[in-house]
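The values are calculated or read from the model by the stated rules, or taken from the named source; none is laboratory data. For clarity, every value in this text was computed on a predicted model and none was experimentally measured. Positions of Cβ are backbone-derived with ideal geometry, glycine not excepted, and every protein chain shown enters the neighbour counts.
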Amino acid sequence: MPIPVKSLMISWRTIALSLLLSLAAGLTSIAEPIDRVIEAFVGSVAWRPVSGDIVMVELDAKTLDASPNRDYAPRHYARVVDAVNAAGAKRLFVDFYFDRREKDRDFPLLVDAVKRMGPRAVLAVPTRTAPGTGENISTFPSPAFGKEVRIASIAWETEFWQLWRVPISYAADGQVLPSFASLIAGKYSAEPASFRLDFSYDPATIPHYSAGDVASGKVGARELAGKDVIFAPTAPNFQDSFFLPGHNRLPGGYIHLIAAETLKRGNPLDLGWIPAFLLAVAVMMAALFAQVKRGFMTLAMATTALLVAGKILLGFMLVTVWIGAALVFIAAIGTNVSRSRRRASAQRENPVSGLPNFEALRTQAAFGSATVVAAKVVNFEDLAAFIPGDGIGKLVEQVTRRLQLASQGTTLHHDLDGTFAWLVPYYQHSQIEGQLAGLAALFNAPLTIGELRVDVAIAFGVNDEFEGSNAQRLAAALVAAERAIRTRSLWTKYTSRQKEDAGWQLSFHSQLEDALTGGDIWVAFQPQYEIATNKLVGVEALARWTHPTRGPIPPDEFIVQAEKSQDIYRLTLFVMDQAIRSAAQLRERGLPINMSVNLSASLLDHSDLVGTIRVMLTAHHLPPEILTIEITETAQIENSRQARQTLAQLRRTGIRLSIDDYGTGQSNLEYLTEIEADEIKIDKRFVMTMRDSQRNLEVVKSTIDLAHRLGAVAVAEGIEDAETMALLAGLGCDVGQGYHLGKPQLFSELTATLTATPQNRTA
């Protein structure tokens, strides 16, 4: 069974995005700089000395300065080669290429010197990239050196302006050549391959000698006998130097030597990025599943430190592991967890009073045997609207101060309005009634806000039942406080009969969401007939809720609750989508009848409402004139300017407008001036009673007449019998709906009825 989203510290969507980001980092080079920084750090604290088995003979500035015209001719190279050979060196690796010196008159001297070393001499094969073409061109030694002399590649590529890897073998003009490092270490590869350098070697420990000193005999067998010698340029004018991570520029010969030392220690292994990534995912997901809240960031930092330390330690053992993608995942998860915790922390504090709010109370340790007391300022909304400036903060401060007299020893919690709550320990249960009476006496005295003196009424709710979660027990106390307000009591105690209603109110949002996704909320369709012709002209889409435990919930009940919890927009869009989708299906079946959808006038202040409806219509290829939006006449328009703009946009779109439940509110004429309605619906309370009430009959008659004078269609709701239908026909009513004409039904039932019978009926 998958773990619900709400059980984790962050959402599954956030986790998925973090995984995708880190996978992208692993599959590309995005996270590579992270690993490079760590490797550069290792290089900056290099401590490992070289073995001493490999030495450098440098063509340095000192040697060049001693040469005529600073020209180190082939005969000079020959003297160095002969001196190295005479000193008994194991092998000589010549990090020079002589393609431009082959025509020198003394070039044969160099050739003869190299031939005298035979296979103990290794000549360099450089590879350059041709400008403009990007083609790699390799330069091989002159055939004059003979076939006995060995050759090796000195090619490599830099990354991020630094040298990270060197070849074991390199493809040069179709030949796979060993590198200097692989020949020195005796490690070969039949296919082109490279390896990561060990940056822990300290270049300062490399034995190095001036070529001039070697040629003159100052450096001889004692220093060179039995050694692998790399003869390479180090003078600045040769420009044969590269950045090694963590180091300054190093001559190419030094890098060959460090590479050889690396290979001599063992066989480098590259594990890639997947092992570290899987480790990071396993640790972070385990922490999320285990709800490691307080120690999560510590664990994330510890995992990061472990990965970094592991990379460094494995690097010392010539094992390369890439941790960039793993660190990206840890950083992404950690950042989102931290943001979630900050958001949760902010959500657990009331911004006005600075006191912890009810969310903090719900999520603390179980209440146990403590009694929950809720206090509600009865007239808080009126006070908030009346008191100017920052007076509401001062009001809350004074209310808080008085309530804290009764909550000594416990923490007072303050919700977003004039609602407070605290816990009373079990040993103070007998004192609760006296405490509340004392508090009531305190609030008999008015509060002073600046120059204002205001009276504050307060009511209390008590829950001393020790069963249920914190949220349930708090909800129970709040329900009791509301009951105290309704009954004008000082305080009331929660009873078990109120539990179901309290839970329903406090968990409405989540229950509604579950119902929408689970199919418990569905749309019923009630037919509308033209009264004069008995022809079907439309249907009204109506929200229905079949709760798994409560059974069918009356629409008035859950719609009112949706408005209170600000879920009405989500519910309305669900019904709107189903209605438009169904209208489109009817149209495809040759039934282009009108579809009506209810819209609370309180939603007219949503600036994106019209755009959303347009998108739905376009998606289902439905003409806008097929849709009628019924504005609930009894609802209050909170933003009249935005409401007028929204209504105008709807009409410009081509959508028909209807005033629903006309006659039941207090703003009938105002609505008629605000809304240029295409139809007016007469509330069913008047229609169902008009045969027995002359007064209601006159209301129906006058409304029909008014609709016709305004050029609107008159629609009667609540037609329950043929007599009412006939009376409405006599009054000239245009359209009717009700159980006599058709009950609200599933779309499948509606389509079955419409396709099986003609689209009209006899009254």
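Worth a mention:
- Checking each residue in the stretch 298-311 for being buried (at least 17 other Cβ atoms within 10 Å of the Cβ) and at pLDDT below 90 picks out Leu299, Ala300, Lys311.
- Flag if Pro351 is more than 22 Å from the chain's Cα centre (by Cα) and not in a helix (DSSP H, G or I): yes
- Test: residue in the stretch 308-324 that is under 18 Å from Leu17 (Cα atoms), touching a residue at least 40 places away in the same chain (Cβ under 8 Å) and not assigned by TED's automatic domain parsing to the domain that holds Ser200: yes
- Residue that is surrounded by the most Cβ atoms within 10 Å (Cβ to Cβ) [pool: residues in the stretch 261-288 that are of a type in the set (A, V, I, L, M, F, W, C) and in contact with a strand residue (DSSP E or B) (Cβ under 6 Å, 6 or more places away or on another chain)]: Ala276
- If you go through the stretch 9-47 and keep only what is more than 22 Å from Glu159 (Cβ to Cβ) and either loosely packed, with under 15 Cβ neighbours inside 10 Å or in the same structural domain as Ala221 (by TED's automatic domain parsing) (or both), you end up with Ser11, Trp12, Arg13, Ala16, Leu17, Leu20, Trp47.
- Residues of the stretch 652-672 classified as at pLDDT 90 or above and either in contact with a strand residue (DSSP E or B) (Cβ under 7 Å, 6 or more places away or on another chain) or outside the structural domain of Val735 (by TED's automatic domain parsing) (or both), total: 4
- Checked against the criterion of being over 22 Å from Ala601 (Cβ atoms), touching a strand residue (DSSP E or B) at 6+ places or on another chain (Cβ under 7 Å), free of Cβ contacts under 8 Å to residues at least 60 places away in the same chain and surrounded by 14 or more Cβ atoms within 10 Å (Cβ to Cβ), the candidates Ile680, Ile675, Ile704 yield just one match: Ile704.
- Scanning the stretch 122-149 for residues that are crowded, with 18+ Cβ neighbours inside 10 Å and within 20 Å of Gly186 (Cβ to Cβ), we see that the one that is nearest to the chain's Cα centre (by Cα) is Val125.
- Selected residue (criterion: modelled with the lowest pLDDT) from residues of the stretch 682-696 that are within 7 Å of Glu717 (Cβ to Cβ) and among the hydrophobic types (A, V, I, L, M, F, W, C): Ile682
- Residues that are assigned to a helix (DSSP H, G or I), in contact with a Ser or Thr (Cβ under 8 Å, 6 or more places away or on another chain) and over 22 Å from Leu754 (Cβ atoms), drawn from the stretch 578-616: Ala601, Leu603, Leu604, Asp605, Leu609, Val610, Ile613, Arg614
- Extreme residue, surrounded by the most Cβ atoms within 10 Å (Cβ to Cβ), among residues of the stretch 600-615 that are touching a Leu at 6+ places or on another chain (Cβ under 8 Å) and at pLDDT 90 or above: Ile613
- One residue stands out among those in the stretch 30-65 that are modelled with pLDDT of 90 or more and of a type in the set (A, V, I, L, M, F, W, C): the one that is farthest from Leu257 (Cα to Cα), which is Leu64.
- The stretch 141-167, residues that are among the hydroxyl-bearing types (Ser, Thr, Tyr) and closer than 17 Å to Arg128 by Cα: Ser153, Thr158
- Note on the stretch 417-450: residues that are more than 17 Å from Arg401 (Cβ to Cβ) and polar (S, T, N, Q) amount to 3.
- All of (1) at positive phi; (2) in a helix (DSSP H, G or I); (3) not β-branched (Val, Ile, Thr) hold for Ala360 with one exception: (1).
- Checked against the criterion of being exposed (fewer than 13 other Cβ atoms within 10 Å of the Cβ), under 36 Å from the mean Cα position of the chain (by Cα) and assigned by TED's automatic domain parsing to the domain that holds Leu746, the candidates Pro548, Pro552 yield just one match: Pro548.
- Test for Gly409: is it modelled with pLDDT under 80, over 18 Å from Ala480 (Cβ atoms) and within 40 Å of the chain's Cα centre (by Cα): no
- Test: residue in the stretch 285-302 that is within 19 Å of the chain's Cα centre (by Cα) and under 17 Å from Arg36 (Cα atoms): no
- Taking the stretch 185-211 as the range and being small (Gly, Ala, Ser) and either touching a His at 6+ places or on another chain (Cβ under 9 Å) or part of a strand (DSSP E or B) (or both) as the test, the residues that pass are Ala193, Ser194, Ser210, Ala211.
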